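The values are calculated or read from the model by the stated rules, or taken from the named source; none is laboratory data. Here the structure is a predicted model, which means the values were calculated and not measured. A quick note on method: Cβ atoms are made from the backbone with ideal geometry, for glycine too, and the neighbour counts reach across all protein chains shown.
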Amino acid sequence: MIRVRKTDVMSEAAIEATREAVRKAAAKAAELSKVEPDNQNNYVSITASELLEKVQDLLATGHRLGQACCTEVGNEFQIIYSFDKDYTLTNLMLSISKEQEVMSITNMCWPAFIYENEIHDLFGVKFKHSALDYGGHFFKLNELTPWKVKS
């Protein structure tokens with residue numbers, strides 16, 4: 001810890017030099033963190049019948065599930081499963097009708113139960129054969145499926 005006594009006063013030049021050094025460091029950090037979006041994020045459109053096979057293939061090649069998310073696009077739901085390997089994401093994009101059930105990937109990838117239960121509670125998407133199904137009670141919500149657009 002650096003203690004500064006009242007008699008220790010930095011000159012305006014020293015303060016400005018410190019600010020400039022911080023600006024340069026921030027600019028360098030921003031430059032180093034840039035990611036080529038098209039090269040680092042691969043999107044693969046899949047059908048519901050391909051989901052389990054594609055997930056199995058990714059897991060067999062050393063990928064790990066990073067996240068799964070859902071959004072409503074028109075009359076469909078789009079679920080994106082993101083898998084990471086060596087700092088590169090492979091994103092499986094699954095579009096389903098609002099009434100369609102999806103096979104759970106929890107039997108191959110246990111942590112998916114969190115995402116699947118979240119998607120079920122917030123959007124109403126049903127997952128078949130989930131290893132851990134909270135039955136719509138993963139979150140305590142004031143209303144059912146709050147992120148699903150009401151018709």
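Observations
- First in the range 48-59 and at negative phi, second anywhere and part of a helix (DSSP H, G or I), Cβ under 9 Å, 6 or more apart: VAL55/ALA112
- A residue that is in contact with a helix residue (DSSP H, G or I) (Cβ under 9 Å, 6 or more places away or on another chain) and within 13 Å of LYS148 (Cα to Cα) can be found somewhere in the range 90-104.
- Test result for GLU72, among the charged types (D, E, K, R), at pLDDT 70 or above and in contact with a strand residue (DSSP E or B) (Cβ under 9 Å, 6 or more places away or on another chain): yes
- Among the residues of the range 81-112, the ones that are free of Cβ contacts under 8 Å to residues at least 24 places away in the same chain and either buried (at least 20 other Cβ atoms within 10 Å of the Cβ) or not aromatic (Phe, Trp, Tyr) (or both) come to 5 in all.
- Considering residues of the range 43-56 that are more than 14 Å from the chain's Cα centre (by Cα) and over 17 Å from SER104 (Cβ atoms) only, the residue surrounded by the most Cβ atoms within 10 Å (Cβ to Cβ): VAL44
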